[in-house]
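Single-structure report; data block below.
All of the numbers you see were taken from the coordinates with simple rules; none came from a lab. Predicted model, so just to flag it, every value in this text is computed and none were measured. No Cβ is skipped: glycine too gets one built from the backbone with ideal geometry, and neighbour counts run over all protein chains shown.
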Number of protein chains: 2
Amino acid sequence: MKTPAVLDEYPSVVDAVISSLLDHVQPPLCHMITYHLGWTDRNGEPVNGSRGKRLRATLCLLACEATEGDYHHALPAAAAVELVHNLSLIQDDIQDDDAERRHRPTVWSIWGKPQALNAVTAMHGLANLALSRLGENGTPFSKQQYSQRLLNETILKMSEGQYCDMSFEKRLDIDVNSYLDMIESKTAALITCSMEMGALLGTDEGSYIEAFREFGRNLGLAFQIRDDILGIWGVSEQTGKPEASDIANKKKSYPLVYAMQTAKGKAKKELIEIYEKETIEENGFNRVLNILKSIGAQAHSQEMAEEYRDRALVELEGMTLSPQASSNLRELTYFLVGREF
Amino acid sequence: MKTPAVLDEYPSVVDAVISSLLDHVQPPLCHMITYHLGWTDRNGEPVNGSRGKRLRATLCLLACEATEGDYHHALPAAAAVELVHNLSLIQDDIQDDDAERRHRPTVWSIWGKPQALNAVTAMHGLANLALSRLGENGTPFSKQQYSQRLLNETILKMSEGQYCDMSFEKRLDIDVNSYLDMIESKTAALITCSMEMGALLGTDEGSYIEAFREFGRNLGLAFQIRDDILGIWGVSEQTGKPEASDIANKKKSYPLVYAMQTAKGKAKKELIEIYEKETIEENGFNRVLNILKSIGAQAHSQEMAEEYRDRALVELEGMTLSPQASSNLRELTYFLVGREF
């Protein structure tokens, strides 16, 4: 599936806003952040490498443009959601002991976990400071205030989602509803926040802001289910993560929750035996992949992701929007549920 | 030294505000926070134990009252600084591998470091959400905005201070100025923020807000130097920390920075040899205490703390304030530089 051109449109302008915020952070603390963002190497020297998709920023700016807003007014919000996303990545890597991301050592595996946590703290401050720039573009107080509340409610929700995701690793009784609640907090909340803030900064029309919130929520769920598929069947060179890492980490991702509910008899018994053990050995690892194959878990998961994608598109089609931004949003939505990375 | 009565005045009303914020956080995530705050045991059951001094909240509310404000208007700010202080404690314990605080196991030593980090994230969200309640009391938007910016600049500064403090553990070349810069960010920034916000919410008089900022900065420096003294010579039953823990952790606290600059000949050489090793053995530990004694490091550190205390008091005496709050602030300032815990 071809990467939509719109994903190339905003990253450099968003990164420029983040960069101007980072001017206030002392080296070498700021080097952990610029390294993670893909701007520098571990010594703070500029590099040209993968910087991540800046997807949440793009969704925020597109929502603003789609509602006839000037996307420049939403740049502080786009920078804020991108900072929150990236601090959550640095922290996830610490929590999961993941040594690599995007084919590079993670921040903690260079600077150590204690120092990496200081980068996370700094980014919490920076994300909120980004939002306090909204007023510079003439955004009314009430919208600034709403954005700040929304961002911090989202941070709170993300912590709850991450708490659940990690506690699910030790449990076998996760049903689809608990799973959906978990990913709604862990992943969909920030995508929702990005699109809702973008629309809020583009229009005063409440029904459009509400529709973008629902668009974001459904797209966020679809995005995470696709992520779960890549976490098992994704190709390491494309995802930048080890093969089938979600199985090794005992993640209760959608394909596995589906398997636990669907598998019968011997397969079900085996699944439980494998996941009851402290770690999953190679034998069990391959057996899980076989069971998932036998019940068609990949195809079923993809159908589920596409169902949420279609619900997102219903919200999009229900609005009268700027045609260019609307078409970009449609293309991006299809891409996110078919992407290989 | 007698604990000032004013320290009993505000904690319950501040905790009530924090508690109403915590109503929005799901169990069991919220149990980590209520446990840390001293409200509950590890199962979320209420306990009566040490809750900490709520010092930053008290300073914030006193600054508001001293400037003829209604302290109720500053309660959201008091809750915010207390949440930031407490999230920094949970994170410090993770970073320093400290298993005990206030005679209880630390959050991470019960729930594990990965889950404890989710409590820290939640508290970042909550601290900012606390501030968004300022408007409910009729605080003008410009003051809300100023407070939010100040709080997040403070979070950023704290991350820089903590970064320096930790990097100093591996260094021998720390001079007094670098040390003062470090504690100004690590500790004084939040005390400054607490008093500045309190004054801002109490008065429109810029010179008073500025004076409270300077008051807080000097008090914060004095407070940390006293903390450094307790970190070496404090009594474990009173501080709730292991005896001379700062030496065991190779902290470049003020007495040690002073010793590195002042010790001569054999003593200096020994100090360097001891601190160049990866860990400090019992022999070296006692030798450090002897060297500190021989150069009068404790008395000198106390003089330094009192110097900053007196600078703080100059700011206080320079203002015409509500007499009761002013006298409470004076008493508290003396106490903080003479306290044993």
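Quick notes on this structure:
- Every test in (1) of a type in the set (A, V, I, L, M); (2) over 13 Å from the mean Cα position of the chain (by Cα); (3) within 14 Å of chain B (Cβ to nearest Cβ); (4) closer than 19 Å to A:K143 by Cβ is passed by A:I94 save one, and that test is (4).
- Residue within segment A:267-284 that is closer than 29 Å to A:K53 by Cα, outside any helix (DSSP H, G or I) and in contact (Cβ under 8 Å) with a residue 24 or more places away in the chain present: no
- Residues in segment A:153-176 that are more than 7 Å from chain B (Cβ to nearest Cβ), among the hydrophobic types (A, V, I, L, M, F, W, C) and free of Cβ contacts under 8 Å to residues at least 24 places away in the same chain: A:C164 alone.
- All positions within segment B:177-198 that are within 14 Å of chain A (Cβ to nearest Cβ) and either among the β-branched types (V, I, T) or closer than 18 Å to A:A122 by Cα (or both): B:D181, B:M182, B:E184, B:S185, B:K186, B:A189, B:L190, B:C193
- Segment A:66-84 - residue that is surrounded by 18 or more Cβ atoms within 10 Å (Cβ to Cβ) and farther than 17 Å from A:S12 by Cα and, of those, nearest to the other protein chains (Cβ to nearest Cβ): A:V84
- Residue check for A:T203: hydroxyl-bearing (S, T, Y), in contact (Cβ under 8 Å) with a residue 24 or more places away in the chain, touching a Pro at 6+ places or on another chain (Cβ under 9 Å) and more than 11 Å from chain B (Cβ to nearest Cβ): no
- Tabulated pairs, segment A:110-132, first more than 10 Å from A:M32 (Cβ to Cβ), second among the acidic types (D, E) and surrounded by fewer than 24 Cβ atoms within 10 Å (Cβ to Cβ), C-beta under 9 angstrom, 6+ apart or interchain: A:P114/B:D96; A:P114/B:D97; A:G125/B:E153; A:L129/B:E153
- Single residue of segment A:1-27 satisfying the filter (surrounded by 13 or more Cβ atoms within 10 Å (Cβ to Cβ) and over 15 Å from A:L37 (Cβ atoms)) that is nearest to the other protein chains (Cβ to nearest Cβ): A:Q26
- Test: A:I232 is touching an Asp or Glu at 6+ places or on another chain (Cβ under 9 Å), of a type outside the set (F, W, Y) and farther than 26 Å from A:R104 by Cα: no
- Which numbered condition B:E210 fails, given (1) farther than 28 Å from B:S326 by Cβ; (2) in a helix (DSSP H, G or I); (3) not basic (K, R): (1)
- Flag for B:E184 being under 12 Å from the mean Cα position of the chain (by Cα) and in a helix (DSSP H, G or I): yes
- Taking segment B:102-121 as the range and being away from chain A (no Cβ under 11 Å) and touching a helix residue (DSSP H, G or I) at 6+ places or on another chain (Cβ under 6 Å) as the test, the residues that pass are B:T106, B:V107, B:W108.
- Residue in segment A:74-93 that is β-branched (V, I, T) and not in a helix (DSSP H, G or I) present: no
- Residue selection: B:K143 satisfies the criterion of being among the charged types (D, E, K, R), more than 7 Å from chain A (Cβ to nearest Cβ), surrounded by fewer than 19 Cβ atoms within 10 Å (Cβ to Cβ) and not in a loop (DSSP other than H, G, I, E, B).
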